[in-house]
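The values are calculated or read from the model by the stated rules, or taken from the named source; none is laboratory data. For clarity, every value in this text was computed on a predicted model and none was experimentally measured. Backbone-built Cβ (ideal geometry, glycine too); neighbour counts: all protein chains shown. Accessible surface is based on the protein model in full, side chains and every heavy atom, while ligands, DNA and RNA are left aside. Shrake-Rupley method; radii C 1.70, N 1.55, O 1.52, S 1.80 Å.
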Amino acid sequence: MNDVLRTLNFIDGQSCPSITEASFEKTEPATGQLFTLVADSSEVDVNNAVLAARNAFDYGPWRTMGSAARAKLIMKLADLVEENADALSITLAREQGRPISEMRMMDLPVAVDTLRYFAGWADKLEGRFIPTAGYMGKPTVNYTIMEPVGVAAQIIPWNAPLMICIWKLAPALAAGCTVVIKPSEEAPVSVSALASLIADAGFPAGVVNIVNGRGPTAGRALVNHAGVDKISFTGSTAVGRSIAADIAGKLKKVTLELGGKAPQIVFPDANIDAALQGVAMGLFVNQGQTCAAGSRVLVHRSIADDFANRLAEVAKSLKLGDPLDPSTTMGALINDRHKSRVLEYIALGKSEGARIVAGEESVPPVGHFVRPTIFAGVDNRMRIAQEEIFGPVGMIIPFDSTEEAVQIANNVQFALSATVWTRDLSIAHSVAAQLQVGAVAINGWSPLDARLPWGGFKDSGVGHDLSKTSILSYLREKVVTAVL
Ligand code: NAD
């Protein structure tokens, strides 16, 4: 086992195993082969990481370093991620089982751009001068200071590990926070690979720490640690709820980016060719394992059958296979347990009376593959239309009027994102205004851009990643009043 890749922790500038040297296995989704042994951290490792971050924040050079110098380091990290994009794409494709073309087109460019965008914010976090009527007859000068909140715990999911990690890391660093990252046990390698780039960029020790391990042990210990001031979590709604319960009464700042069940609404006047492409992308990118997966395809009844058949053709044309092959358009699901869960949902859809128009063809014999599947004739009350499947499974739900489309779209516990396909601008904007979601895309699928806020309502979460909104969540505004 000596030549097996080991995924270590990164604490106070040093790569290290867990204190007990315990580890667990992580396999490759597309081959089932052992990929790495991951440090299985305990409360002691988490404590060491938080103390390093605390020390770097309270006493280290990070806090006193000028904001332009912080920006320069974040820019340097962006350059290093860009220089290592090929290697990181390969790692991501292997650990996630996801086509490498998606990493090259989306995850890596978005990660690099996000670092540069937030580096640009670091020296623009200005306070305000606020005039008042004065204090007891005397004039005052009132101003505010934007301060970093302190140590941020950042808990990362497996479905876009590096990109989402950087969505959280970049604004925290720009704000002047120090950070402890807990990667997912299912995708720890690409996030842990940041350690050497962070060291090479020249960040002071303790500013960024990475502690690997399991959610219920390492993740939970991190959330509950008294030295953590802010928690930013992306993952399932169930774990998001358990984190909210864990910190109830602790009054920490918290951002929760949770699950989704996005509607994609297709009106009959839409550019149907473009809608088919966009809907298929929203459904099948990352094997449907995205929070923004547009699995509920609401189609006007007049075109529903035709659209279902054409979408089925797109689904059947996808090429399943080796994630490292640039021509592969669909990879494997993250693990066998998740594959079984998705197959159970496909069986459920059939038993609920939905009609399969694509799926069920053969899959590669090795690896956790599932054929892209489309159900037609779906009723919004079915469980397959209500629950997050997190796999390549879409359902066509017909509607008769704009009002009904909005009603169906909103009638679900999740509220993260939606798409609207129409050439009629007044329908587009009026539907966008009525949709109860954090992000609406008109004639496109969820453009992920560092400048645009990303966050959900209802069971999809609290707070935002990306944009100015997210950097504000790593800052606190202090007011100073001088009586003259
Ligand atoms: P998950 O909730 O199982 O795990 C996410 C992270 O939380 C992992 O690092 C895990 O180790 C950790 N964790 C687990 N239990 C914990 C606990 N008790 N305390 C602290 N940490 C704990 O989610 P996942 O399966 O990795 O990711 C898939 C989910 O993430 C889907 O529901 C998806 O919709 C959601 N997601 C949301 C967004 C968004 O921006 N809203 C983006 C990507 C993924």
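At a glance:
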{"quantity": "Sequence-distant residues sharing a close amide H with V420 (under 5 Å, placed H)", "calculated": "I265, A441, I442, N443, G444"}
{"quantity": "With DNA, RNA and ligands ignored, accessible area of H300 (1.4 Å probe; Å², nearest 10)", "calculated": "40 Å²"}
{"quantity": "Accessible area in square angstrom per residue, the chain, 1.4 angstrom probe", "calculated": "40 Å²"}
{"quantity": "Per-residue [θ]222 nm for the chain (sum of -39500 (n - 2.57) over DSSP H runs n ≥ 4, rounded to 500)", "calculated": "-11000 deg cm²/dmol"}
{"quantity": "Whole-number percent relative contact order across the chain, with pairs defined as alpha carbons under 8 Å at least 6 apart", "calculated": "19 percent"}
{"quantity": "When the range 198-335 is reduced to its Cα atoms, the Kirkwood hydrodynamic radius in Å", "calculated": "18.8 Å"}
{"quantity": "The range 263-450: relative contact order as a whole-number percent, Cα under 8 Å and 6+ apart", "calculated": "28 percent"}
{"quantity": "For the range 100-236, the spread of Cα positions along each principal axis, largest first, Å", "calculated": "65, 34, 30"}
{"quantity": "Sequence ranges 122-128, 163-169, 252-258, ranked by mean other-Cβ count within 10 angstrom, highest first", "calculated": "163-169, 252-258, 122-128"}
{"quantity": "Rounded to 10°, Cα long-axis angle of helix 336-351 versus longest principal axis of the chain", "calculated": "40 degrees"}
{"quantity": "Between the range 223-263 and the range 162-189, the Cα center-to-center distance that results, in Å", "calculated": "15 Å"}
{"quantity": "Sequence-separation-based contact order of the range 155-282, relative, with Cα cut under 8 Å and 6+ spacing, percent", "calculated": "21 percent"}
{"quantity": "Semi-axes of the equivalent ellipsoid for the range 263-450, Cα gyration tensor, largest first, Å", "calculated": "26, 17, 16"}
{"quantity": "Debye log10 I(q)/I(0) at q = 0.18, 0.19, 0.20 Å⁻¹ for the range 1-79, Cα point scatterers", "calculated": "-0.87, -0.91, -0.93"}
{"quantity": "Principal semi-axes in Å for the range 408-484 [√(5λ), Cα gyration tensor, largest first]", "calculated": "32, 15, 13"}
{"quantity": "GluC sites (Glu not before Pro) restricted to the range 1-67 and DSSP loop, no more than 10 other C-beta within 10 Å", "calculated": "E21"}
{"quantity": "Whole-percent carbon and sulfur share, accessible surface of the chain, 1.4 Å", "calculated": "55 percent"}
{"quantity": "Cα long-axis angle, helix 425-434 against the chain (0 to 90 degrees, to the nearest 10)", "calculated": "60 degrees"}
{"quantity": "For peptides 215-224, 55-64, 359-368, sequence by mean Cβ density within 10 Å, most packed first", "calculated": "215-224, 55-64, 359-368"}
{"quantity": "Packing-based order for 192-201, 130-139, using average beta carbon neighbours within 10 Å, highest first", "calculated": "192-201, 130-139"}
{"quantity": "Principal-axis tilt of helix 43-58 within the chain, Cα atoms, nearest 10 degrees", "calculated": "60 degrees"}
{"quantity": "Mean projected area in nm² (Cα convex hull; one quarter of hull surface) for the chain", "calculated": "24.7 nm²"}
{"quantity": "Taking the convex hull of Cα positions in the range 339-484, its mean projected area over all directions (nm²)", "calculated": "13.7 nm²"}
